[in-house]
Amino acid sequence: MPYRIAGLTSLHEILGDLVVYRNLIPADGRLPSIDHLRGDLHLEGNTLPRKTELDYASVVAEMLRRARALDQPDAAIRHLIYIGDTRMNDGTAFLNLCAAGQWPGWAFIGRDELSQPPKVKVEGSLYVANRWSALPEFVRFVERHGFVLDETTAVVIDVDKTAVGARGRNDRVIDEARVEGVKRTVADLLGPRFHEPAFRAVYDELNQPDYHSFTADNQDYLAYICLMLGAGLVELDALISEVNSGAMRGFTDFIHQVQSRRSELAPTGLTSMHDDVWQSVQAGDPTPFKAFRYNEYLTTVARFGDLAGVSVEEVLAQRIVITQEVRETAAALRERGALLFGVSDKPDEASVPNEAQAKAGMKPLHQLETLAVGEL
């Protein structure tokens, strides 16, 4: 395997606390949250915009301006670099950020595809590479095109499957932590009724793109569905039939059906949990299954850290690691005066300790030490 271990580090070494998770509350308390910016940005309602939405870009663009003013009050942002792993989500978020800030920009979209020869494709202002090791050449490329990299440049780094758990290299460990979080939550709530093979059958079937119109590719929704099927309220075959026929159009239909049968939950002990999820869904919370996300935080934290005396293959299979190429590129850009800022679509509940955990010494994901791995 053409990788090397580059020692222990953390995202905090790269970004400090200039990180924002899904709830758009910066880890650096000097920066305003979305709720403090709603009036200034004329955002309507209290909904939480998602990464590919224009309102999300407006909020992050203002956070970037405020972050730059913390240490360089005389340096306005005029250029944007974005480092991510998906054309659709990250590419869209990048273009929206450029529009919101009225900044020219370039985005690096990376993944490792070691079965393919190294390849780069430039699509407009997207530099798409099948090696994370192409990042240094990306920097040289944008400079050759006259792009300025200094204190007027903001560098936005996607966290999940880019800065950590790099796509094509280490992303499966992030997925495994999430699946274990779902399983632990369902098992805890079902108790002796939990049957792992049945759970896996439901999760593996519904966690596919074919069902995204039903699950909205939302792991909170999927965890809740797994729980209700595990409790025997619905059978998998019957659910699939309803989804395929169009009778069950989306998760909202599903939870409304459960709500209409709420009295049947009494023997399962799940009434209170259902009520919490139901109320969160009605309030428009995109992360309604809090118990699952709290478990995901624990299962994710458990995959950070050192793993002494093992091969790089074992490290990549067992630990969520920092992408050394992102680390080195970020350090080089910081030396030029650029602002570094991390964005994560992982819910805060799965990324930040609760009050009791924080008092016990647990830390947000970006402050945890773990191994860095890069290409040889």
Which of (1) under 20 Å from residue 194 (Cα atoms); (2) without any contact (Cβ under 8 Å) to a residue 40 or more places away in the chain; (3) not in a loop (DSSP other than H, G, I, E, B) does residue 234 not meet, given it meets every other one?
(3)
What is the number of the single condition among (1) of a type outside the set (Phe, Trp, Tyr); (2) more than 27 Å from residue 367 (Cβ to Cβ); (3) not assigned by TED's automatic domain parsing to the domain that holds residue 63 that residue 152 does not meet?
(3)
Residue set 353, 347; condition in the same structural domain as residue 24 (by TED's automatic domain parsing), surrounded by 21 or more Cβ atoms within 10 Å (Cβ to Cβ) and closer than 21 Å to residue 178 by Cα; output residue 347
Across the range 183-228, what is the number of residues that are of a type in the set (Lys, Arg) and touching a residue at least 24 places away in the same chain (Cβ under 8 Å)?
2
Odd one out for residue 2 among (1) out of contact with any strand residue (DSSP E or B) (no Cβ under 9 Å at 6 or more places or on another chain); (2) over 20 Å from residue 350 (Cβ atoms)
(1)
Kindly provide the set of residues from the range 332-351 that are of a type in the set (D, E, K, R) and under 28 Å from residue 303 (Cβ atoms), ordered by number.
334, 345, 346, 348, 349
Residue under question is residue 62, and the condition is that it be among the charged types (D, E, K, R) and closer than 21 Å to residue 110 by Cβ; does it hold?
no
Considering the range 108-160 alone, what residues qualify as being polar (S, T, N, Q) and in contact with an Asp or Glu (Cβ under 6 Å, 6 or more places away or on another chain)?
130, 133
I'm trying to understand the selection: among the residues of the range 252-289, which are more than 16 Å from residue 229 (Cα to Cα), touching a helix residue (DSSP H, G or I) at 6+ places or on another chain (Cβ under 7 Å) and touching a residue at least 40 places away in the same chain (Cβ under 8 Å)?
287, 288
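To keep it simple, each residue is scored yes or no on (1) surrounded by fewer than 22 Cβ atoms within 10 Å (Cβ to Cβ); (2) under 20 Å from the mean Cα position of the chain (by Cα); (3) among the hydroxyl-bearing types (Ser, Thr, Tyr); (4) not in a helix (DSSP H, G or I).
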site: 166; (1), (2), (3), (4): no, yes, no, yes
site: 173; (1), (2), (3), (4): yes, yes, no, no
site: 197; (1), (2), (3), (4): yes, no, no, no
site: 223; (1), (2), (3), (4): no, yes, no, no
Lone qualifier among 276, 306, 285 - being modelled with pLDDT of 95 or more, surrounded by fewer than 22 Cβ atoms within 10 Å (Cβ to Cβ) and in the same structural domain as residue 217 (by TED's automatic domain parsing)
276
Given (1) under 22 Å from residue 337 (Cβ atoms); (2) more than 21 Å from the chain's Cα centre (by Cα), where does residue 37 come up short, assuming only one miss?
(1)
Checked 155, 148 against criteria (surrounded by 13 or more Cβ atoms within 10 Å (Cβ to Cβ), among the β-branched types (Val, Ile, Thr) and assigned to a strand (DSSP E or B)); the one match is 155
Residue match in the range 290-297 (condition: touching a residue at least 60 places away in the same chain (Cβ under 8 Å), among the polar types (S, T, N, Q) and closer than 24 Å to residue 111 by Cα):
no
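The values are calculated or read from the model by the stated rules, or taken from the named source; none is laboratory data. Every value quoted in this text rests on a predicted model; they were computed, and no experiment measured them. Reconstructed Cβ throughout: ideal geometry from the backbone, glycine too, with neighbour counts over all protein chains shown.
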